[in-house]
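Here's the structure, in C-alpha cells; my notes come after.
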Amino acid sequence: QVQLVESGGGLVQAGGSLRLSCAASGRTFSSYAMAWFRQAPGKAREFVATVTRSGATTYYADSVKGRFTISRFNAKNTVYLQMNSLIPEDTAVYYCAAGARAQVETTAQCDYWGQGTQVTVSS
C-alpha cells in the first residue's frame, strides 16, 4: 500500500512558476514509477510527466515539454514537478500517481493516486 500526498499548488500569474511535491508513504517508493496527471474542469484526466523508478528517464506531454521538469528523490520518498512559464491552460487539479512498472503514462497504468492539488494560472 502506498499513500501519496501532494502539496505546492496555488494561484500564480501567467509566466510564473510553481513547484509541486508528492510525498509517498511506505518503504518501497523506489519500486514504483511515478507520474503527474492533471484534470481541468469538464475535461478528462491527462498525462503530464513521468519518471522511471531510478529517476534516470523522464517523459513529458508535448503541451508541457520544455516548461515542466519531473524529478524524484528516493531517499526522501518524494517526487517533484517544477512548472515554469505557466500559462492559463495549465490551470487544473494536479495529481500524483504511482505504478508498479517501469514507467506510467496512462491512468490505467497507475495503482495509487494522491488527492490532488489545485493550480490556477491567471492571465
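The values are calculated or read from the model by the stated rules, or taken from the named source; none is laboratory data. Keep in mind that what you see is a predicted model, and the values were worked out from it rather than measured. Cβ sites come from the backbone with ideal geometry, for glycine too, and all protein chains shown count toward neighbours. With ligands, DNA and RNA removed, areas are computed over all heavy atoms of the protein, side chains included. Shrake-Rupley method; radii C 1.70, N 1.55, O 1.52, S 1.80 Å.
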Treat each spin label as a single point 7 Å out from the Cα along the C-beta direction, and report the ILE87 to TYR59 distance in nm. 2.3
In nanometres, what is the gap between the two model label sites at GLN1 and SER31, each 7 Å from Cα along Cα-to-Cβ? 1.5
Probe 1.4 Å, heavy atoms of protein chains only: per residue, the accessible area of the chain in Å² is 50
What number, in nm² with one decimal, is the all-direction average of the projected area of the convex hull of the alpha-carbon atoms of the chain? 6.7
Longest the chain segment clear of trypsin sites (Lys or Arg not before Pro) sitting in DSSP loops (not H, G, I, E or B) with at most 12 other Cβ atoms within 10 Å runs 66-123
Kindly write out, for region 67-74 in residue order, the coupling ³J(HN,Hα) from the Karplus curve 6.51 cos²θ - 1.76 cosθ + 1.60 (θ = phi - 60°), rounded to whole Hz, with x marking Gly and Pro. 10, 10, 9, 9, 8, 9, 10, 4
Express the carbon and sulfur contribution to the solvent-accessible surface of the chain as a percent, rounded to the nearest whole number, probe 1.4 angstrom. 47
Report, by chain and number, residues whose modeled amide H sits under 5 Å from the one on ARG101, excluding near sequence neighbours (fewer than 5 apart, same chain). ALA33
FRET efficiency (THR120, GLU46; Cβ distance; R0 22 Å; to 0.05) is 0.85
